[in-house]
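First the structure, in the form of structure tokens, and then the observations on it.
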């Protein structure tokens, strides 16, 4: 092997091979004793930037499974990839002479190690050469390395001094003082296009109370007219349609994820129900759901008199009813038929001049719910949940006059990718598209309780009846950002732009907690440059679990 390269996998022949001109290439030969083999190089990620691209040349013969480049990036947490990207889905097979290929992904600011290489699956032989890594279009061999800063090693006195100059203390003893503490924040974000308000757990009562206060003020004082929740789009549209005719609790039970079936969420939805006409405000979802899509589309199309359209709608219903199979390849084919039916309905509406903005929105969300089956059918990379949510919010934001408030987890609204091209991609893409018009507010806590549910795959079915359970937050030996913020008081608002200016950096990497829908585990701690991920942090040292409506 050339210096710095090593082999990994189950194949016997993985080596460096010298060509006639003295150039050394990597060679991988498939055999019966392993499933894959690859050559790999690892180096420290002492670079700053926005995107990373790996290019390399590949020659291959009689490949039966796949061959390609592979790139992964690790952070502080051992065995947990921030990025893992390969060309496996491109399904390069057969034989080909030397050809250059590339992989390009967002570059995580909390990167510690970069791994690059070439991989071969079962069957055939592959050669690899001319690897090059670019960050923001520049070869890393020409870049100046950056010093890696960690919260644990950073000068404590400097940090606390900067925090005191960048923070506003919050008085949360009563609604009036709590509201007044937010004056500066409301003034700062009033002209933004999208204000995303996060949460480090989905089950913290104070987070929902705080989001409700901020949201009402932005609607009443700054003209925001759309609230988007991390919950299924079509279910929330159905909820809206029935809001004036059905009891609110029953609608929440049927059309909201279980984690949101709380008194705190009901408080906001009751206000929304009573005031939506007065402020011309709408409530929508951005998450995937195929359960209520047909019902929603049918109800919106029904008033239209169009026989061909009715036939297409019946075809869509038939496709949806038969679109599940235990056979993976067949399942992909069936769901492609659903996607094609959606396109046919959209084209019919366009050709007859009956495609309203409401129907266009529903069909767009339907297409984005099924698009990954099209990608799988065409051997293309699939879109992550975060990428799809970003597309849906972008669609809404690009409608004229919309000013949007997003309610989602800190891990989704973050300005930067947190891990493995999934967590943080929603905020990452929205930040790149809308730039200064996108503002991410992270909500953090340290002690107290939270609500969780046992169901791991929250959108795996249309049964939203899981029970919520309270649980105390775990203690940890890690030095958390939350520990540092607690030194400033029991509740505070931190302007991260000011803090970064005071510290002369936004690249201090430290631990923070990100809890999902389930019960907290030790791996819910992530090492990130928190100041780079959020435009503002709101910290409350002691919080309590949300109160479920249904016991």
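Would you confirm, using the coordinates I've provided, whether residue 168 is within 23 Å of residue 405 (Cβ to Cβ), touching a residue at least 40 places away in the same chain (Cβ under 8 Å) and crowded, with 19+ Cβ neighbours inside 10 Å? Taking the combined requirement at face value, the residue does not satisfy it. Listed conditions (1) closer than 27 Å to residue 27 by Cα; (2) under 27 Å from the mean Cα position of the chain (by Cα); (3) surrounded by 17 or more Cβ atoms within 10 Å (Cβ to Cβ) are all met by residue 102, apart from (3).
The one condition from (1) touching a residue at least 60 places away in the same chain (Cβ under 8 Å); (2) part of a helix (DSSP H, G or I); (3) in contact with a strand residue (DSSP E or B) (Cβ under 8 Å, 6 or more places away or on another chain); (4) closer than 30 Å to residue 524 by Cα that residue 442 does not meet is (2). Among the residues of the range 309-330 satisfying the criterion of being touching a helix residue (DSSP H, G or I) at 6+ places or on another chain (Cβ under 8 Å) and assigned to a helix (DSSP H, G or I), which is farthest from residue 378 (Cα to Cα)? Looking at the filtered set, the residue picked out is 309. When the range 536-551 is filtered for residues that are in a loop (DSSP other than H, G, I, E, B) and surrounded by 24 or more Cβ atoms within 10 Å (Cβ to Cβ), only 546 remains. Of 191, 158, all but one fail to be loosely packed, with under 13 Cβ neighbours inside 10 Å, touching a helix residue (DSSP H, G or I) at 6+ places or on another chain (Cβ under 8 Å) and part of a loop (DSSP other than H, G, I, E, B); the exception is 191. What are the residues in the range 171-188 that are surrounded by 14 or more Cβ atoms within 10 Å (Cβ to Cβ) and in a helix (DSSP H, G or I), if any? The answer is 178, 179, 181, 185, 186, 188. Residues in the range 255-308 that are assigned to a loop (DSSP other than H, G, I, E, B) and more than 20 Å from residue 389 (Cβ to Cβ): 261, 280, 281, 302, 303, 304, 305, 306. Of the strands (runs of 3 or more DSSP E) entirely within the range 12-86, those holding at least 2 residues that are touching a helix residue (DSSP H, G or I) at 6+ places or on another chain (Cβ under 9 Å) occupy 67-74. Hey, any hits in the range 149-170 for a residue that's more than 26 Å from residue 504 (Cβ to Cβ) and out of contact with any strand residue (DSSP E or B) (no Cβ under 6 Å at 6 or more places or on another chain)? No, the range 149-170 contains no residue that is more than 26 Å from residue 504 (Cβ to Cβ) and out of contact with any strand residue (DSSP E or B) (no Cβ under 6 Å at 6 or more places or on another chain).
Looking across the range 139-155 at every residue that is free of Cβ contacts under 8 Å to residues at least 12 places away in the same chain and not in a helix (DSSP H, G or I), the one that is farthest from the chain's Cα centre (by Cα) is identified as 155. Residues in the range 487-509 that are surrounded by fewer than 19 Cβ atoms within 10 Å (Cβ to Cβ) and part of a helix (DSSP H, G or I): 5 in all. A single member of 58, 73, 52, 119 is touching a strand residue (DSSP E or B) at 6+ places or on another chain (Cβ under 8 Å), over 21 Å from residue 7 (Cα atoms) and buried (at least 17 other Cβ atoms within 10 Å of the Cβ), and it is 52.
For the range 115-131, a residue qualifies if it is in contact with a helix residue (DSSP H, G or I) (Cβ under 9 Å, 6 or more places away or on another chain) and closer than 17 Å to residue 16 by Cα, and exactly one does: 119. Number of residues in the range 105-128 that are closer than 16 Å to residue 41 by Cα and under 18 Å from the mean Cα position of the chain (by Cα) equals 1.
Here, each number is a calculation from the coordinates, and none is a lab measurement. Not measured: the values here are computed from a predicted model. Ideal geometry is used to build each Cβ from the backbone, glycine not excepted, and the neighbour counts take in all protein chains shown.
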